[in-house]
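Contents: one structure, followed by commentary.
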Amino acid sequence: ITGKNIALPPGVAPPAFIQLGIDKVNELPRIQLLNIMTVIVVVIFICKGLFEYLKTYLMSDVSERVIRDVKNDIYRKLQDLSMDFFSHNPTGKLMSRITHDAAVIRDSIGSGVADTFSQPIELFFYIVLLVGLKMYGGVPWSFILVSVVVFPLILLPVVRIGKRLRKISRTSQEQAGDINNMLLETISGIKLVKSFGMEDYECESFRKKNQEYYDLTIKSIKKMKMVSPLTESMMVVCVAAILWIAGRSMISGELSFGVFAAFLAAIFSLMKPFKKLSNVYGINQQALAAADRIFQLYDTPVSIKERPGARKLEKFTESISFEKVWFKYEKDFVLEDINLTVKKGEILALVGPSGGGKSTLVNLIPRFYDPVSGSVRVDGQDIRELDIRSLRDKIGLVTQETLLFNDTVRANICYGHTDVDEKQLIAVSKAANAHMFIKDFPQGYDTVIGERGLKISGGQRQRIAIARAIYKNPPILIFDEATSQLDTESEKLVQEAINNLVKGRTVIVIAHRLSTVKHANKIVVISGGKISDSGSHEDLLRKNPLYKKLYTMQFAEGEEAGLEP
Ligand code: ADP
C-alpha cells in the first residue's frame, strides 16, 4: 500500500508458485490491492466465525450424544444385573456412574477430543512450514532439530502429571459416589435421622466427606493448572535458546531478517498446539479414569442368565420343589440341603427365627439367585432351563418393604401393563381391601402417591402392593412377612385381603405371626438354614418344641405388639 514491492531476502529461493504469487501481488494497482485485502479479511473472519460455531456446536452435539448413549447403556446394564450385584453395590454409588462419571466423560469430549484431533493437524502444518523454511530459506539444521526434537521432550513432565491426575481422579470419583450415596440414604431416611436427633451428626459426616472431595479436587486442579504454565515456561526456554543462536547468525550475516521473522512466527505458533495438547492430556486422563469405572460396570458378568433357547413356562400345573438346595451369599451357607415340595393349590407357610433363611428360600423361586448346588423346579423343570420372564410372570410377590413409585395409584397397581383393565383394577383393589380407601383419595385412582408413599399409611401401602401383585393374576403368590409392619387393625384388613386371594392359587407365606398360618396346608420350620420340621399346625404344636415355643411366646407377649418370634 505504501507503494513498495514485496521483496524476498537475498539467498531465499522459494518454490515457483510462491514467486508467482508475489509477482502477481506486486503487479496489482495499489487501490485494487487494498480493496481485495479488505474483502479477504472480512470473508476470512466470517468464515472463521462460522466454522468456529460449527465446530463447537457439532462437538457439543457429539459429546451429548455419546453421553446420552453411555447413560442408556449404563441404565440397561443396571436393569440387567442380578440381585447379588445390588447387594454388594450401594445405590448412590451406582447412581453416580450415570450422573458424575458420565459428566466427566462429556466434558472431556467437549473440550478434549476436538483438540486431540485438531491440534496435531495444526502442529503438522507448522512443522511443514519449518521444513519449508529450512529448504528454501537456509535456516540452519540446529533450529529445526531443536524445534522437532526438544519440543516433544517438554511433554514428558506433562505425561507424568497426567498419570498422577488419573489416579487422583479415580479416588475423587469414588468419593463423589460416596457423597451421592450418603445423600440418597439420609434424604430418603430423613425420618430416621430426625427421630434419632442425628441431624448434626449427619451434617458433620457430610461436611467431612465434602471436605475430602474438595481436597482431592483442589489437588487435581493444582496439578492440572500447573501443566500449562509449566509447558509454556519450558518452551520459552527453548525458544529463547533458538533466538539466541538465530540472533548470532543474523549478526554474523548468515541469516536474513525475513527468514528469521518467518521462522520465529512458526516457532511461536508451535507453542499453541503444544500447550493445548498438554492440557487435553490432563483432561483425557480424568475421563479415562471415569471410563474405567464405567467399563468395569459394563464388564460385570450377569450372574442370573437365561440359557440360550430357554423354554417358556406356559402354565403352572403341578408343583414347586426344592431338591437338595444349598445356597450361600458369601462364605457361609445360608440354606443347607433343602428338600421341599409345594403342590399346586396348596398354602405353604414358612416360620422360624429371624435370619433362619426364609426370605432367601423364597427368593430362589423367581430366580433372584441361583442355588450353589441342587435345583429349584417348577413342574419338574429346573428353573434355570426356563425363560426368566415367563417364570416371573407366574409369580406375585409381596414383601415387607413396599416400594410404591411416585406415580398414580392406577400406574402403581397396573405396573408392567400398558393397557389398563379398569374392571380388573377395581376387582383386585377390592380383593386387596384397597378400593375403599382409594376411592376416597382426592383423585381416586389418579391420585399421585408421594415419594415412597409418604402420603398414605403403611397398611394402605401394603394393600396397594398386594393389589399390584395380583393384578397380573399370577398362579403363584409369595408373601414375605407382608403384614409384619402393620398395626392390628391394618393387619386384619391385609390378612383378610390375603385370604381373599389365596383361593385357587399356590401360596407361600412367610409369617411372623403363627396365628395367621394356622390354616396353611403345610407349615415348615426353618432355622439355621435347615428345615427343622414340617407338618400341620396341630402336628407341630405336638411334636416340635421350637414351634411350640415360638407359638406360646407369641401368645404370651407378642400377639398385640406384633413381635417377630
Ligand atoms: P429370614 O428371612 O429367615 O429372616 P434371611 O433369608 O433374610 O432370613 O437371611 C438368612 C441369612 O442370610 C442371614 O444370616 C442374613 O444375614 C443373610 N443374608 C440375607 N440377605 C443377604 C444378602 N443380600 N447378602 C448377604 N447375606 C444375606
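The values are calculated or read from the model by the stated rules, or taken from the named source; none is laboratory data. Since the structure is predicted, the reported quantities are computational estimates derived from the model, not experimental observations. Here the Cβ positions follow ideal geometry from the backbone for every residue, glycine too, while neighbour counts run over all protein chains shown.
Tabulated data
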item	result
Hey, SER375 over 22 Å from ARG505 (Cβ atoms) and either in a strand (DSSP E or B) or at pLDDT 90 or above (or both) or not	yes
Selected residue (criterion: nearest to PRO366 (Cα to Cα)) from residues of the range 497-511 that are within 16 Å of the ligand (Cβ to nearest atom) and outside any loop (DSSP other than H, G, I, E, B)	ILE508
Helices (runs of 4 or more DSSP H) contained entirely in the range 395-462, each with at least 2 residues that are out of contact with any Gly (no Cβ under 6 Å at 6 or more places or on another chain) and surrounded by fewer than 14 Cβ atoms within 10 Å (Cβ to Cβ)	422-431
Hey, SER354 in contact with a Leu (Cβ under 9 Å, 6 or more places away or on another chain) and either in a loop (DSSP other than H, G, I, E, B) or away from the ligand (no atom under 13 Å from the Cβ) (or both) or not	no
The range 371-387: number of residues that are surrounded by 17 or more Cβ atoms within 10 Å (Cβ to Cβ) and within 16 Å of the ligand (Cβ to nearest atom)	2
Output for the range 248-279, where each listed residue is in a helix (DSSP H, G or I) and loosely packed, with under 13 Cβ neighbours inside 10 Å	ARG248, ILE251, PHE257, ALA261
Within the range 45-115, helices (runs of 4 or more DSSP H) holding 3 or more residues that are under 30 Å from LEU364 (Cβ atoms) and in contact (Cβ under 8 Å) with a residue 60 or more places away in the chain	83-88, 91-96
Subset of the range 98-109 [of a type in the set (Gly, Ala, Ser) and either touching an Asp or Glu at 6+ places or on another chain (Cβ under 8 Å) or surrounded by fewer than 19 Cβ atoms within 10 Å (Cβ to Cβ) (or both)]	ALA103
Residue list for the range 306-346, restricted to those being aliphatic (A, V, I, L, M), in a strand (DSSP E or B) and away from the ligand (no atom under 16 Å from the Cβ)	ILE320, VAL342
